[in-house]
Amino acid sequence: MEFIKNIINWSSGPTVLFTVATIAFALSIKYPQVWSKKFAYILFGGMAVFYCFSMFDPNFFLIVAKPDNVPITFMLFLVAFFTWFALHQGVENDKRVAAGEEPLEKQEQDKVWVWPDLVYVELLCMVLLTIGLVVWSILLPAPLEQPANPADSPNPSKAPWYFLGLQEMLVYFDPWLAGVVFPTLIVVGLLAIPFIDTNPKGNGYFTFKERRAEIAIFLYGFIVLWILLVVSGTFLRGPNWNFFGPYEYWDPHRVEPLLNVNISDIFWVRVLGRPLPSNPIVREFLGIGMILFYTGFLPVALAWPKEKFPKFLQWMSLNNYYEKMGPARYYLGVMLFLLMISLPIKMYMRWIWDLKYIVAFPEIFFNI
Amino acid sequence: MQKVLNAFSGAWDAMTESQVWKSVFRHGAITSNRNRVLVMMSNVFLHLHPVKSRKAGIKLRYTWCMGGITFFLFLVLTLTGLLLMFYYRPTVEYAYADIIDLSEHVPLGIMRELHRWGAHAMVITVWLHMFRVFMTGSYKPPREFNWGVGVILLVLTLLLSFTGYLLPWDQLAIWAITVGSNMARATPLLGTEGPLTAALKLGDINLINSGNDARFALLGARSVGENTLLRFYVLHCVGLPLVAAVLMSVHFWRVRKDGGISGPM
Ligand code: HEM
C-alpha cells in the first residue's frame, strides 16, 4: 500500500506528470481510435477507483475535501468526460464518412417544433440543476476563514482556483509574462482562432480527422496547459508553492534549495570560466540571440519549402500552411503557437539545466 | 371521482376562458401547430428561440446544453446575489460579520452557498461551453463574431468571480486577491515593477510609482483595503453584471442571426 502511494506521489511530481500527460496526449492524437467506449470505462473506472481508494488517506482527504476544492474534483471528471465525449463522437463520425456515409448531425436536418421538443429539455435541465445546486449547498457549507488580516499572510497564498494555471506559470516566468503578457495572449489568441483557421471542414459537426491540427493545438492548450495546471496547482502545490504528492503532508517547513542559474552564468562562468561582463548587453547576448531566433527567425524559416531544410528536419516545414493561409494568417498563427509552447520549453529548460532566465535584465525588470 | 374531475376541468375551462387569463396568454392550449407558433412568438422569454429548429441542433449530445446551463447559472447568481445584497455591507467594519450573519441568523441561510457554488460551477460550464463550440467548429464563418463575443463573456465571467472572491473579507479573500493583483505591478510600462516602466521619466522623477500604477488603479490603494472592497463590490454587483447581461443579449441574438445552432452544410 505504502509502495503504491509512493509511486503515485512520485509520478505526480511536475516533471513526471507533465511529461506523461504530454506523451499520452500525443499518442491519443496519433491513435484517435482509443477514444472508444471501452476506453471510457477504463478511464472513468480508473479515476473513480483512484478517488475512492485515496479518500482513506488523511492527507489526500484533507486537501480534496476542502470546500473550495470540491468543484475542482467535479471539473476534473466533467472535463475528462466531455473530452472523451467530443472525441468519441468525432471518431464515430469519421468512421461514417470513411464508409461513405454522412456525419450523424447531417442526418438530423429535419426541423422539429421548439415547443415542446426543446423547451421541455431546457425545463428538465433547469429543474435538475436547481436540485443539484440546492443539495450541494445544503451538504457543503461555503468556507469562511479568519477575518482578513493584512499582517498575516497564509502559506500557501493562492489565487482563486481558476487562475492557478497562471500562478503555476510564475514558477517558470516572471510576473510580467505569467501575469500580464500570457493572459493577454490567451485572450487575443482565442479571439483570433476563427480568423487563423481557414479550414472550411468540420463546421457544425463533431469530427477529428478533418481538423486534426486545429484540434491537437487547442486541446493541448486547454487540457494540458490549462486544466492540468489548474488541477495540480490546486491539489499538488503546498506551502511556498512547493510540490507535494497527493498523499504527502503539507509541511510548511520543507525547504527546497533554489539553484537556478541564468544562461549568462552558464555561458560566461561555467563554459568560458570568466566573470560576467559588466556591459549588460554583452552579458546577455546569447539569450538575446536565442529569443530573436525563436521569435524572429524561426517563424520565417518554418515557412520555407521542405527542400531548404536538412533532411532530418524536413518534417518541420510548415510551407504548406504558409501557402494555404497566406502570410498574415500564417505569421499570427505561428507566433501564437510558438508563444504557447514556450511554456513547456521553458519548463523543460528548468528541469534539465536548472535554468532561471534566458535573458536577465533585473535592472529594468526585464527577465525572460 | 368523476365528479371531482369534472369540477376540476370546469374550473380549468372557466379560468382559461377568463379575460384575465386571455390577457396574459394570447393563444389556446398548445396542441395545434398554430399555437406552437404563437407560444414562441408571444412570449418575450421564449421568443429568443426560433419556432422550429433542426433536430441535430437541439440534441443534448451536440450542444451539451452548456451555453444554456451557463446562462441559467447566471440567472441563479443574479437572484441569489440580489438577496445577499439585502444583508451585506461592503465595509471593512461590517463585511465579515454580515457574512456570518447570513448563515447563522437568516432563515434558510443557504443563499451564500448557492451563490458561491453556482459561481464556481459557472466558470466550469463556460469553459466546457467554449470547448464544445470549438470541437464542433462552430466558430467558423459565419459565427466568428459570436465566438469573439463569447471570449469577452468568458473574461467577464472570470472577472465577476474574481471580484466576488474578495467580498467575504476573510483571510482566503484578501490573500487570493493580493496574489492575483500583485501581477498588475509587473505590467510593462504601467506597473512599478514592470519592464520599461523606469524609462518613463520626467527629469529625475519617475512617472509611474506605487501610488498611480496599474495595481493602484485596480485596488484603489497600495494594498488590498477598504477602497478595494468598495471598488470590487461596485464592479461585482453593478458594473460587470450589466456588461455581461448586455453581451449575453448580443450573444443570443447573434446565435439566431447567424442561422441558429450550427450544423453541417
Ligand atoms: C457567460 C457566458 C456564455 C453564455 C451564457 C453563453 C450562452 C450561449 C448559448 C445559450 C448558446 C446556444 C447554444 C448552446 O447552448 O450551446 C451559445 C452559443 C454559442 N456560444 Fe456561447 N455563451 C457564453 C460564452 C461563450 C464563450 C466563452 C464562447 C467561445 C469562446 C461562446 C461562443 C458561442 C458560439 C460560437 C455559439 C454558437 C454555437 C453554435 O451555433 O453551435 N460562448 N452560447
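See the values below:
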item: Residue satisfying all of: in segment A:144-166; part of a loop (DSSP other than H, G, I, E, B) and more than 8 Å from chain B (Cβ to nearest Cβ); farthest from the chain's Cα centre (by Cα) among these; result: A:151
item: Top-ranked residue of segment B:85-109 - restricted to ones that are hydrophobic (A, V, I, L, M, F, W, C) and buried (at least 20 other Cβ atoms within 10 Å of the Cβ), ranked as farthest from residue B:174 (Cα to Cα); result: B:102
item: Residue match in segment B:168-178 (condition: more than 30 Å from residue A:202 (Cα to Cα), within 16 Å of the ligand (Cβ to nearest atom), of a type in the set (S, T, N, Q) and at the interface with chain A (Cβ under 8 Å from one of its Cβ atoms)); result: no
item: Any hit, segment B:206-213, residues being within 16 Å of the ligand (Cβ to nearest atom), away from every other protein chain (no Cβ under 14 Å) and surrounded by fewer than 22 Cβ atoms within 10 Å (Cβ to Cβ); result: no
item: Residue within segment B:51-73 that is of a type in the set (S, T, N, Q), away from the ligand (no atom under 16 Å from the Cβ), within 31 Å of the chain's Cα centre (by Cα) and more than 9 Å from every other protein chain (Cβ to nearest Cβ) present; result: no
item: Which listed residue is out of contact with any Leu (no Cβ under 8 Å at 6 or more places or on another chain), crowded, with 18+ Cβ neighbours inside 10 Å and β-branched (Val, Ile, Thr), from B:163, B:157; result: B:157
item: Number of the exception - residue A:81 against (1) among the aromatic types (Phe, Trp, Tyr); (2) touching a Lys or Arg at 6+ places or on another chain (Cβ under 8 Å); (3) at pLDDT 95 or above; result: (2)
item: One residue from A:122, A:101, A:105 being of a type in the set (D, E, K, R) and closer than 16 Å to residue B:68 by Cα; result: A:122
item: Residue A:4 vs. criteria exposed (fewer than 15 other Cβ atoms within 10 Å of the Cβ) and in a helix (DSSP H, G or I); result: yes
item: One residue from B:46, B:82, B:77 being without any contact (Cβ under 8 Å) to a residue 40 or more places away in the chain, more than 8 Å from chain A (Cβ to nearest Cβ) and more than 10 Å from the ligand (Cβ to nearest atom); result: B:82
item: Every pair of residues 6+ apart whose Cβ atoms lie under 9 Å, when the first sits in segment B:171-188 and is surrounded by fewer than 23 Cβ atoms within 10 Å (Cβ to Cβ) while the second is acidic (Asp, Glu); result: B:171/A:145; B:171/A:152; B:172/A:68; B:172/A:145; B:184/B:213
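The values are calculated or read from the model by the stated rules, or taken from the named source; none is laboratory data. Since this is a predicted model, take the numbers as computed values, not measurements. Every residue, glycine among them, receives a Cβ derived from its backbone with ideal geometry; neighbour counts consider all protein chains shown.
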